[in-house]
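Inspection log for the structure reproduced underneath, given as structure tokens.
The values are calculated or read from the model by the stated rules, or taken from the named source; none is laboratory data. Please read these numbers as outputs of a predicted model, since none were measured by experiment. Note: ideal-geometry Cβ built from the backbone for every residue, glycine included; neighbour counts use all protein chains shown.
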Amino acid sequence: MLYIVGLGLGDEKDITLRGLEAVKKCDKIFIEAYTSLLSFGISSDGLSTLEKLYGKPVTLADRETVEERADQILTAAAASDVAFLVVGDPFGATTHTDLVVRAKKLGIDVKVVHNVSVMNAVGACGLQLYHYGETVSIPFFTETWRPDSFYEKIQKNRPLGLHTLCLLDIRVKEPTLESLCRGKKQYEPPRYMSINTAIEQLLEVEHNRGESAYNEDTMCVGLARLGSEDQKIVSGTMRQLQSVDFGAPLHCLVIVGKTHPVEEEMLDFYRHSEENNHGSTEEELGFQERSEDGLLWTPNCCRLADPKSCCTIRLILWVEFSRVAVIHYLLY
């Protein structure tokens, strides 16, 4: 049996109960280590954290292992229970779909345990998930390779008023061109595209194409380390976001389409300003306490005023399937 288990986006504790049960009964455990990474990274410390939780050794599976030597994983799965761990959701990358197809062709039973991925966690910024168009990927440009196929997809989304989620490039254990020519692989150091680099490349393509799909004044949302304790969200124009230090990876970018008033209210919480160009945390937004109903919000201005003379508004947000929906306002 091959179990493909999503780990979520934050840390080792984001695995679901069903996923943890599956992992603990497997004889071998592999973790895919090149399409994403957990907040604690894929260092030896990170693996030891996973191994401590699972009570079993975990094998790091790089791109070559999954794409070129997947038979090793499938052979083991044909004889015993094997877990293949994926950051986010198992079907967030086509590589994992290919692994399922190959397993089924060999008659190997496959069970998938889903988890949150960037595709739904992006709802944390307040933009409604059903207002998104086609998602695009922004690759690292090189001196000789500057693909811009994402431009047409953004062009299609914009007239429809749809938001565009831009997934930013990840380069882990990529062989250098020189080493490939020599027939002996040497690898580049890991690289993770920042929001700043993505915007720079997007504007370069717009400058070259000149078809007005977007410009420096186009509203966007930058999101870093979604699902982690220190996630950062900043809304602003492309020009404004270029000056923001979003910190450690992983980053993604949303090009904002037509917004609903509720979406605009949420974006205002994360609005870029010269005094505060680092986005907002829950504490800065006024989130102070949690209840069974969700997050209870008291605006900073009301907390500073005399509660007898100030109307405190508590906004109850219910998070379901990673989509933020406004339920109701309580006035008292």
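Which one of Lys111, Lys105 is basic (Lys, Arg) and within 24 Å of the chain's Cα centre (by Cα)?
Residue meeting the stated conditions: Lys111.
Please determine, by comparing only the residues of segment 24-68 that are among the β-branched types (Val, Ile, Thr) and closer than 19 Å to Leu250 by Cα, which one is modelled with the highest pLDDT.
The extreme case among them is Ile31.
When you check Asp71 against the structure, is it modelled with pLDDT under 85, in a helix (DSSP H, G or I) and either over 23 Å from Gln186 (Cα atoms) or in the same structural domain as Tyr192 (by TED's automatic domain parsing) (or both), yes or no?
no
Just one of Val110, Val101, Val136 is in contact with a strand residue (DSSP E or B) (Cβ under 8 Å, 6 or more places away or on another chain) and not assigned by TED's automatic domain parsing to the domain that holds Leu223; which is it?
Val110
Confirm whether Gln128 is touching a helix residue (DSSP H, G or I) at 6+ places or on another chain (Cβ under 9 Å) and free of Cβ contacts under 8 Å to residues at least 24 places away in the same chain.
no
Could you list all residues from segment 115-138 that are buried (at least 16 other Cβ atoms within 10 Å of the Cβ) and in a loop (DSSP other than H, G, I, E, B)?
Residues satisfying the conditions are Asn115, Val116, Ser117, Gly126, Leu127, Gln128, Gly133, Thr135.
Spot the failing condition for Val112; the list is (1) within 22 Å of Pro189 (Cα to Cα); (2) part of a strand (DSSP E or B), and only one is missed.
Condition not satisfied by Val112: (1).
In segment 226-243, what count of residues is obtained for those that are surrounded by 20 or more Cβ atoms within 10 Å (Cβ to Cβ), farther than 15 Å from Ala124 by Cβ and either touching a strand residue (DSSP E or B) at 6+ places or on another chain (Cβ under 7 Å) or modelled with pLDDT under 95 (or both)?
The qualifying residues number 3.
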